[in-house]
Each structure stands twice: as structure tokens, then as C-alpha cells.
Amino acid sequence: MHRKDMEITMKYAFFDAKPYDKPSFDAFGDKAGIKFKYFEAKLDTDTVNLAKGCDGVCIFVNDTANAEVIDALHELGIKAIALRCAGFNNVDIRHADGKLAVFRVPAYSPYAVAEHALAMLLTLVRRTHKAYIRTRDFNFSLNGLTGFDLHGRTVGVIGTGRIGRVFIDICRGFGMKVLAYDKFPAKDADFRYTDLDTLLRTSDIVSLHCPLTDDTYHILDEAGFGKMKKGAYVINTSRGALIDSEALLEAIKSRHIGGACLDVYEEESDIFFEDRSGHIVDDDTLARLIFMPNVLITSHQAFLTEDALEAIAETTVSNITEFHRDGHCQNEVKAKVLTL
């Protein structure tokens with residue numbers, strides 16, 4: 001059923017819109033009678049009034065829904081914030097309580113993120129990005145391209161939700177040993193849990209797959225990196241602020257950390273998702289990390305597969321439809337979840 005065949009019953013302001021978002025959201029929105037009004041601007045105190053006349057807003061990881069924005073949305077008559085992502089650290093959930101509903105996409109394609117994490121690790125370990133550049137210049141020298149086998153190495157996985165467990169399965173396929181840490185261990189786990197200090201001390205590779213909370217903020221800081229094995233690698237495809245970026249830079253400069261694969265960065269909000277090639281980057285820490293030969297940075301693209309984009313749109317539209325029909329949503333985030 002297309003929009004011309006169905007009455008539009010809801011209108012949502014869609015912030016931080018990208019070309020790859022629109023096809024899936026339009027397709028699922030048409031069927032559900034939802035009109036998405038797309039804005040390239042991110043949601044913040046300066047852009048919040050763009051949502052005037054809408055029933056809700058649809059936002060992503062770098063939009064800001066703090067107390068001031070939430071109050072402004074409430075005054076505009078906005079009923080809901082539809083997150084098109086799993087994380088909700090950019091929303092003041094406690095302040096939203098009683099003012100407007102907040103719902104998210106708890107799972108879209110854990111395979112997309114887990115596979116990207118492993119792809120980054122393989123790229124950095126085997127220097128395939130450097131080999132690609134060399135051979136395009138007809139330089140077929142192998143000097144400086146020596147890597148190491150993943151088989152037999154120990155990978156420490158912090159966070160064993162859907163993505164973490166898919167990543168564990170992939171690593172096992174490579175013949176890797178797995179250690180895991182999670183504040184809430186899975187009861188049906190067929191892998192070994194340990195405490196965080198043991199994981200950091202014994203892992204050759206540490207991969208982060210946990211949400212950003214007060215407990216996990218800078219879970220890898222100066223002390224954390226100091227506990228890791230000399231030459232260990234770190235992967236972060238979750239949230240940037242899980243890692244203290246300055247501490248990581250120092251650990252790499254001191255040759256204590258052997259390499260880092262980062263799809264996220266704690267100060268990414270004004271940089272990632274945009275073409276900054278013609279601009280001077282003011283973030284000295286990011287600039288220095290990018291130029292480190294043993295650091296690989298991608299711009300928060302781990303989720304970016306056709307499968308994931310379709311799943312995100314489908315779940316977001318389903319959340320909106322369920323909320324406006326029933327007054328609640330199974331994927332709603334309430335203040336009480338922050339204490340779980």
C-alpha cells in the first residue's frame with residue numbers, strides 16, 4: 001500500500017538525515033501512514049523548532065536530546081522520540097519521563113557490527129590497507145607488511161549482548177580463544193566469563209561491545225591500558241566514550257598498545273558522518289590518532305549495511321505505530337532501565 005492509498009496519520013521530524021536513510025524509511029513509512037520530514041541538521045537547542053507541527057522526532061547517535069531540548073519538544077507538543085539506533089546515551093531519559101516517550105531499536109543487524117569489527121582487525125593486523133595503496137602505485141614490496149595469525153590468540157570481549165556474542169562466534173571460527181566480561185553474564189553462555197582485570201591482563205585483543213553508561217564511561221582509561229598486555233590490540237565499534245582517547249594516544253605512543261581499531265570516537269559528534277576533507281580538524285587527539293600507522297579509524301560505519309538499514313527502518317516504524325496505537329511500545333526506554 002502506498003501513501004496515496006493510505007491516509008497520513010503521523011508526521012515525524014527526521015534529524016541528521018543522510019541519503020542512505022531515506023529509501024527504507026520512506027518505504028516502511030508509506031505502508032504505515034507515517035510522513036518523515038527530513039532535515040540534514042542535527043537535533044539540538046538551535047534546531048529543535050524544526051519539529052513544530054510534528055507528532056514526534058526521529059534521531060540518531062549524534063543528535064542531542066538533553067533536558068533543554070526535551071522541554072522544548074514537550075512545549076511543541078511532541079509526543080515521542082524515536083531513536084533509530086540501540087544506544088540512548090544522548091537522551092536525558094530521566095528528564096523525559098512523564099513528558100514524552102523514548103523508544104529505540106535494540107537490535108537490527110548484530111552481524112553488521114560484529115563483522116565490521118573483525119574486518120577492521122584483519123585489515124590492521126595484515127596491513128591490507130597499506131598493501132592496497134602500494135600496489136596501486138605498482139609497488140609490490142612486502143617490507144613492513146608482516147602481520148600475525150589470529151588463530152590461537154586470546155580475544156577479550158567486553159559486553160556479551162547480541163553483537164558481542166556474534167563477534168565471539170566469528171572469533172571462534174578463526175580458532176581464537178575467548179574471554180568475556182559483562183556486568184550481567186548470560187546464563188546460557190558457552191564461553192568463559194572472567195573479571196575485567198583478568199581479561200585485560202591476558203587478552204591479546206580487547207573488543208568493546210557494551211553500551212555507554214556511567215559504569216562503562218572510559219572503561220579503558222590510563223589504568224585500563226596499563227593493565228593490558230604489551231602489544232595488545234583494542235577494537236571499539238560501540239560508543240566512543242568507552243575509551244579515554246588521550247590515554248589511548250599515550251599508550252600507543254609509548255608502544256604499550258600494539259594497535260587500535262576505532263569505528264567510534266568520544267568527540268565525534270561534530271566530525272563523523274560529514275565530509276571534512278576541506279577543513280582543518282581542530283581535534284588534535286583525533287588528528288594524531290589518524291596519522292598513527294597502527295591505528296585504523298572508520299567513521300561510525302559498522303552498522304552500515306543494506307540489511308541493517310532496512311531492519312532499522314522497519315523497527316523504528318513499528319515502534320512509532322505501536323506507540324500511537326497502544327500508548328506504549330515494547331522498545332520504550334524508561335528511567336528505570338538506567339538502574340538495571
Starting from residues that are within 22 Å of Gly147 (Cβ to Cβ) and among the hydrophobic types (A, V, I, L, M, F, W, C), keep the ones in segment 228-259 and report whichever is nearest to the chain's Cα centre (by Cα).
Ile235
Ser109 fails exactly one of (1) modelled with pLDDT of 95 or more; (2) surrounded by fewer than 23 Cβ atoms within 10 Å (Cβ to Cβ); (3) more than 16 Å from Leu212 (Cα to Cα), namely (1)
Within segment 177-208, of all residues that are aromatic (Phe, Trp, Tyr) and not in a strand (DSSP E or B), the one farthest from the chain's Cα centre (by Cα) is Phe191
Any pair with Cβ under 6 angstrom, 6 or more apart, that starts in segment 323-336 at a residue that is without any contact (Cβ under 8 Å) to a residue 40 or more places away in the chain and ends at one that is open to solvent by 50 Å² or more (accessible area, probe 1.4 Å):
none
Thr64 is checked against (1) open to solvent by less than 10 Å² (accessible area, probe 1.4 Å); (2) at pLDDT 95 or above and fails just one. What number does that condition carry?
(1)
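Can you tell which of Val295, Val333 is surrounded by 14 or more Cβ atoms within 10 Å (Cβ to Cβ) and more than 30 Å from Lys229 (Cβ to Cβ)? Steps first, please.
Numbers: Val295 fails: more than 30 Å from Lys229 (Cβ to Cβ).
Result of the check over Val295, Val333: Val333.
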Starting from segment 241-252, take each residue that is more than 11 Å from Ala223 (Cα to Cα) and open to solvent by 20 Å² or more (accessible area, probe 1.4 Å) and list its partners that are of a type outside the set (A, V, I, L, M, F, W, C) and assigned to a helix (DSSP H, G or I), counting only C-beta distances under 8 angstrom and pairs at least six apart or across chains.
Glu246/Thr285; Glu250/Glu222
For segment 241-255, the count of residues that are on the phi < 0 side of the Ramachandran plot and out of contact with any strand residue (DSSP E or B) (no Cβ under 8 Å at 6 or more places or on another chain) equals 7
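The values are calculated or read from the model by the stated rules, or taken from the named source; none is laboratory data. Predicted model, so just to flag it, every value in this text is computed and none were measured. Note that we place each Cβ from the backbone using ideal geometry, even for glycine, and neighbour counts take in every protein chain shown. Surface areas here come from the heavy atoms of the whole protein model, side chains and all, with no ligands, DNA or RNA. Shrake-Rupley method; radii C 1.70, N 1.55, O 1.52, S 1.80 Å.
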